[in-house]
Amino acid sequence: YKTYKDGKCEAPVNRKIKKDQAKVADSVDIEDLGDKKVFCRCWKSDSFPYCDGSHNKHNQDACDNVGPLIIKKKEP
Ligand code: FES
């Protein structure tokens, strides 16, 4: 992992997604959201920025409790 000048570096949240980039930013047009989209917040998804359920294994392995961001239209 990258270390900073003072030698201190916390474990990265992102361990595999676009590591060749200085910052990972994604953009989705509102018009393309449809009725529902599920976005990954654990950084483990192979379909990032979308959730693929990988948070379940991460939560078991790391005693964590992370989950996705679900964006959906209101029920009529
Ligand atoms: Fe990351 Fe579901 S895979 S939140």
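Bear in mind that the values in this text are calculations on the coordinates, not laboratory data. Nothing here was measured: the structure is a model prediction, and the numbers come from that model. As a convention, Cβ positions derive from the backbone with ideal geometry for all residues, glycine included, and neighbour counts pool all protein chains shown.
Could you list, in sequence order, all residues of the stretch 31-41 that are within 8 Å of the ligand (Cβ to nearest atom) and either out of contact with any Phe, Trp or Tyr (no Cβ under 8 Å at 6 or more places or on another chain) or not in a loop (DSSP other than H, G, I, E, B) (or both)?
In the first step, residues of the stretch 31-41 are kept if they are within 8 Å of the ligand (Cβ to nearest atom); the result is 38-41.
Residues satisfying the conditions are Val38, Phe39, Arg41.
Which of the residues that make up the stretch 42-57 are near the ligand (Cβ under 7 Å from one of its atoms), surrounded by 15 or more Cβ atoms within 10 Å (Cβ to Cβ) and not small (Gly, Ala, Ser)?
Cys42, Trp43, Lys44, Cys51, His55
Could you tell me which residue of the stretch 1-34 is farthest from Lys73 (Cα to Cα), considering only residues that are exposed (fewer than 10 other Cβ atoms within 10 Å of the Cβ) and among the acidic types (Asp, Glu)?
Restricting to residues being exposed (fewer than 10 other Cβ atoms within 10 Å of the Cβ) and among the acidic types (Asp, Glu), the top hit is Asp6.
Looking at Lys37, is it more than 20 Å from Ile70 (Cβ to Cβ), of a type in the set (D, E, K, R), out of contact with any helix residue (DSSP H, G or I) (no Cβ under 7 Å at 6 or more places or on another chain) and surrounded by 11 or more Cβ atoms within 10 Å (Cβ to Cβ)?
It is false that Lys37 is more than 20 Å from Ile70 (Cβ to Cβ), of a type in the set (D, E, K, R), out of contact with any helix residue (DSSP H, G or I) (no Cβ under 7 Å at 6 or more places or on another chain) and surrounded by 11 or more Cβ atoms within 10 Å (Cβ to Cβ).
Kindly indicate the residue of the stretch 51-76 that is among the polar types (S, T, N, Q) and part of a helix (DSSP H, G or I) and also nearest to the chain's Cα centre (by Cα) among those meeting that condition.
Taking the candidates together, the pick is Ser54.
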